[in-house]
Every structure is written in C-alpha cells, then in structure tokens.
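Peer 1: Submitted below is the structure of interest, expressed as structure tokens.
Laboratory data are not the source of any read-out in this text; all were calculated from the coordinates shown. Since the model is a prediction, treat every value here as computed from it, not as a measurement. Positions of Cβ are backbone-derived with ideal geometry, glycine not excepted, and every protein chain shown enters the neighbour counts.
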C-alpha cells in the first residue's frame, strides 16, 4: 500500500536535507519518491505541486528541527545514513596460497609501533584472514644497540590495539643457539668464512672485486676460528662471519656480506652474548624454520631479499613468496624512533603518546580507531608505486566510524562571561546525538549569566543565536558588547544572519584543556562530559575529541579531527 504522497515527499525531503545539510531541489526529491513508489509516476503533475509545497515547509525548519522531525517520522532513515561506511578494498591474490599461509610481522623493539609498521602488520593480517593459517609475531631483537626494554611491552600493546590475529610469538634473542649452529653448518657447506680483516681494508678489497686473505681459509680453519669467536677469543671489530657470494656481483653490497659480528657493549637486556647474528641471516633462518610461506614488505627490503636468497640456495631451502610494496610518505609527523626518543629526552615531546607523533598510541590517544587505520592500509594495498599517506582519508574513515556513536556537547574556548538583560530562567534541551533520538537529551540550565567564546564577537555582529536556547541582540554603543534577550524565533535569527553560538551557564561548567597538534586551548565544557572518560565525543563547532582524563581540577581532552 502506497503512503500519502505528501508525507512521503516530506520524509524524503527531510532525509536529503539532513544528509547534505542543505535544502534539496524539487527534482531530486520527486525522483527519490517515484523511485521508491513507482505508482506515483502516473500522478506526476500532482506530485510536482505537492513537492513545491513540501520544500517550502522544510525550508522554514532549522537543521536541528529537520533532524528531530526525521527522527520522529522515520528513525530507520537516520540509522541508514549514520551506518559506518565500510569500504572493503580487495587485495590481489597471493600465489601458492590455496592451502593456507604462514605470515609474519617482525618489528624491532626499538620503540612503539607507528603508522609505517601498521602497513605491514595489517596487510599480513588481511591475508591470514583470507586464506587461513598462522600469523607469527617475531620480535627481531638481535641488535642490542637498537633495543629499548620498554618496547617489548609497547609493541605487544600496540598489536593488541590493532586487533591482529597473532597465533605465535617468537623472540630472536631466545634463538641464538640455533643461529650459532646454523652458522657453523653454513661454514661446513663452504658458504661462510671468518674474516679478521679491518673493516676499511675489507671495504677497499670488496670495491676492487678482490678477495680478502681470509677468503682462502679451509673449512676446518673457519670452523676453528668460528669456535674462537663463540668462546670470546676476539674483541669487538676483530672478527666477523661473512656469507660467501660472488665478488663479481654488480652490486658491491651483495659481495661477501656479514652474517655475525662481535659486540662487547651495550649489554643485551634479555641475554648474555658477545657474538650477534645480523638481520639478513636471522630472517632467512627464521623464515625457513618457522615455515613462513609469504613475505610482504617494502621495496627498501629488495636488497635484503637478494642477500637472503644466497642463504636459501646454500641450504637448498624453498623460498617464500615475496611481495614488495612501494614507499609510503607520511608528512606532518615524526616517525623516526631515534628522533622521537631524542625529542622526548629533550622535553620537546611529552612521551611516545604525544599527539604530534606518528605512533599508533598517539593516534589512539587522539581517538583514531584501529578500524580506520586498517581500512586506510587496505585501500593503499601492496602496489609497487610509491604513494603519499593521506591524513584526510584516515580522518574520513574515522569519522564514518565515530560520528554515528559520538555524543555531542558544548565546549566554550577562551570563555568570556556575559549577563543577558531581559532573559528569564529556563532550561535548554539539546539532543545527545542528533541522529539517535533514543539517546535522549542533555539539559542546560540558564539563569542569568552565560559564558561565550570571546572570538565570536566582532563590531559588526548585531545578533547571535545561543544554540538550543534563544536569540540575543548585541549593542556596541558603549564600546563593549551588551547582550539583551531577543526572543526564541529561529526565523528572526535567520533573517539577521545571526551566528549560532555554543554557550554554557556561568556557574556549573567544567574546566577543560583541549590538546591539539597546533597547541592547547583552554575552555569550559558541559559537566556531563565528566562521565565520558576514554570515550570520543564531539564538541559542537570544534570537532571530535577524546576525553583522556577527568580530575577534580577539570578535564583533559585531545583533539581528533573535524
């Protein structure tokens, strides 16, 4: 049964007006109604006349009134509009993945994870989700110079925040005995030798494609020297184990690259050692022993892939499938762990969660949801083309997630107190969420004095509308603005093109410090915000914020985005 055409036109006009925050055109509304109810097409002339009448009614309503009416008449349309827009990006298929995959995410514990780490972590996770299998977290901590003991905890906290499907956890610092054994095995295959040349001497010979004197050692001699290395007979810089490759290789970096070195300091926080395996050796060994089937990493690892293939070839191991994605430039934040650490030490940054940084914990502190990070990464994909990370895309995806659920509140930055002449005490009732009437209203009591944002007042402002309350005229004749009650009619405010201003009672509001990447903003917010700790809310006309802490002294909030 078809509805009353005027009611149908009214509902669709409200929906379109609310969705786009503007008055729709007659043709748009008519098209929406006839698409939903084809029987109206035979009444086109009548529908056109009714549409003109309906649009005139909608035009007289304020944006808040339109939304409230739509909530009353068709709440399901509000839910449909506010449903998170999940854009699934289809990643390309992986070859040799039909029987499942074993992927790995292998961060170095030099600090917490950042946006750059998130790309590899999420891409691997998405393929485990698609094909099934295992997802290994491998903490690559074989360089004591790059280990921050606190990072062991922070990395796992960040992984928990991302919701990765980790099935196995390994620490390379627990595996040194295996590395030592396989290093000896490589020597036995003729694939490695102990070099006691000075680094500069070896570099000169390598550039000249000339073997160093150590390259001619027999396997027995190399095994004896290797044992001496393990026994502590050499000091830092006096010996290393090198993988034997071709001295004629066109890339000098491929020629007899190191697999183990000696370090006497700093001490490793988890183990006692002085012979340390290097990354290309441990990665090749662990990928094989852990059964890794597919490796997804950046183009900056292409040279490492080539080095690791030498080790695979010596042992006759099957190589994983490698995919190398393009570089991702991220502007506007610091991602270098060493720079971040130095900034923290100097007092430039408050810590790893400082919202000017690109760490995942800094994003979380602002109110960025891990689902938004995941969606952005999947949209970027694993293409080989270099790209620039878009903050706007991240904010848009985060907005889709938080906008339907974030309650609305007033925040008055740099508050200035005003008395409003002629106004009587009353209450303002504002929706907690304009798209979800079931959440109810919040109540603000007006008695006599209010606080308003000082920046709203300029000499040409003659009237303002206190949101959800009433109109106020502004008299500048004395040099300072004098405010007088001017009725409740919203049409009067529209006629004067009066700005709509958030406000708070002069007594009873809560102090709030809003931290943003551009600086701190001091202000006042509604008392109810004190119940919203750890939640993301929207400060009307300011943006989405995350309520970080609530104390007797006030509230600390962090700006997320508009």
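Peer 1: According to a simple spin-label model (label point 7 Å from Cα along Cα-to-Cβ), what is the distance in nm between residue 396 and residue 60?
Peer 2: If labels sit at residue 60 and residue 396, their model points lie 3.8 nm apart.
Peer 1: Expressed as cubic angstrom per residue, what is the convex hull volume of the alpha carbon set of region 5-82?
Peer 2: So the per-residue hull volume is 76 Å³.
Peer 1: Taking 30 Å as R0, compute the FRET efficiency from the Cβ-Cβ separation of residue 482 and residue 527 and round it to 0.05.
Peer 2: 0.60
Peer 1: Compute the FRET efficiency between residue 385 and residue 424 as 1/(1 + (r/R0)^6), taking r as their Cβ-Cβ distance and R0 = 60 Å, and round to the nearest 0.05.
Peer 2: 0.40
Peer 1: Can you tell me the length gained on complete extension of the stretch residue 313 to residue 534, counting 0.36 nm per residue apart and subtracting the Cα distance?
Peer 2: Extending this stretch completely gives an extra 74.3 nm.
Peer 1: What ranking of 209, 467, 438 emerges when the number of other C-beta atoms within 10 Å of each C-beta is taken as an exposure proxy, fewest first?
Peer 2: Listing 209, 467, 438 from fewest to most nearby Cβ atoms yields 438, 209, 467.
Peer 1: Sticking with this one: What do you get for the angle between helix 26-36 and the principal long axis of the chain? Use alpha-carbon atoms, 0 to 90 degrees, nearest ten.
Peer 2: The answer is roughly 70 degrees.
Peer 1: May I ask what percent, to the nearest 5, of DSSP beta bridges between residues of the chain are antiparallel?
Peer 2: Here the antiparallel bridges make up roughly 65 percent for the chain.
Peer 1: Working from Cα positions, state the angle (0 to 90°, nearest 10) between the long axis of helix 44-59 and the longest principal axis of the chain.
Peer 2: Taking Cα atoms only, the helix is inclined about 90 degrees.
Peer 1: Give me the distance in nm between label points sitting 7 Å out from Cα along the Cα-to-Cβ direction at residue 549 and residue 303, one decimal.
Peer 2: 4.5 nm
Peer 1: Once the Cβ-Cβ distance between residue 344 and residue 28 is put in as r, and R0 is 60 Å, what FRET efficiency do you end up with, to the nearest 0.05?
Peer 2: E between residue 344 and residue 28, to the nearest 0.05, is 0.65.
Peer 1: Give the label of the value calculated from the structure for percent of Cα pairs over 48 Å apart, choosing from (i) 23; (ii) 34; (iii) 12.
Peer 2: Given (i) 23; (ii) 34; (iii) 12, the calculated one carries the label (ii).
Peer 1: Next up: Pop a pseudo-label 7 angstrom from the Cα along the beta-carbon direction at both residue 238 and residue 322 and give the gap in nm to one decimal.
Peer 2: My value for the distance between the label points is 3.6 nm.
Peer 1: Arrange 363, 50, 230 by Cβ neighbour counts within 10 Å, fewest through most, would you?
Peer 2: So the ranking, lowest neighbour count to highest, is 230, 50, 363.
Peer 1: Relative to the longest principal Cα axis of the chain, at what angle does helix 370-380 sit, 0 to 90 degrees, rounded to 10?
Peer 2: Compared with the principal axis, the helix lies near 70 degrees.
Peer 1: What order do you get for 353, 238, 90 when you list them from fewest to most C-beta neighbours inside 10 Å?
Peer 2: 90, 238, 353
Peer 1: Is region 227-290 rounded, prolate or oblate when judged by the Cα gyration tensor, a ≥ b ≥ c being the square roots of its eigenvalues, rounded requiring a/c under 1.5 and prolate requiring a/b larger than b/c?
Peer 2: Since a/c reaches 1.5 but b/c is at least a/b, the shape of region 227-290 is classed as oblate.
Peer 1: Once you have the Cα-Cα distance between residue 475 and residue 494, take 0.36 nm times their residue separation minus that, and quote the gain in nm to one decimal.
Peer 2: Fully extending the segment from residue 475 to residue 494 adds 5.0 nm.
Peer 1: In deg cm²/dmol and to the nearest 500, what is the mean residue ellipticity at 222 nm of the chain if only DSSP H runs of at least 4 residues count, each as -39500 (n - 2.57), divided by the residue total?
Peer 2: -11000 deg cm²/dmol
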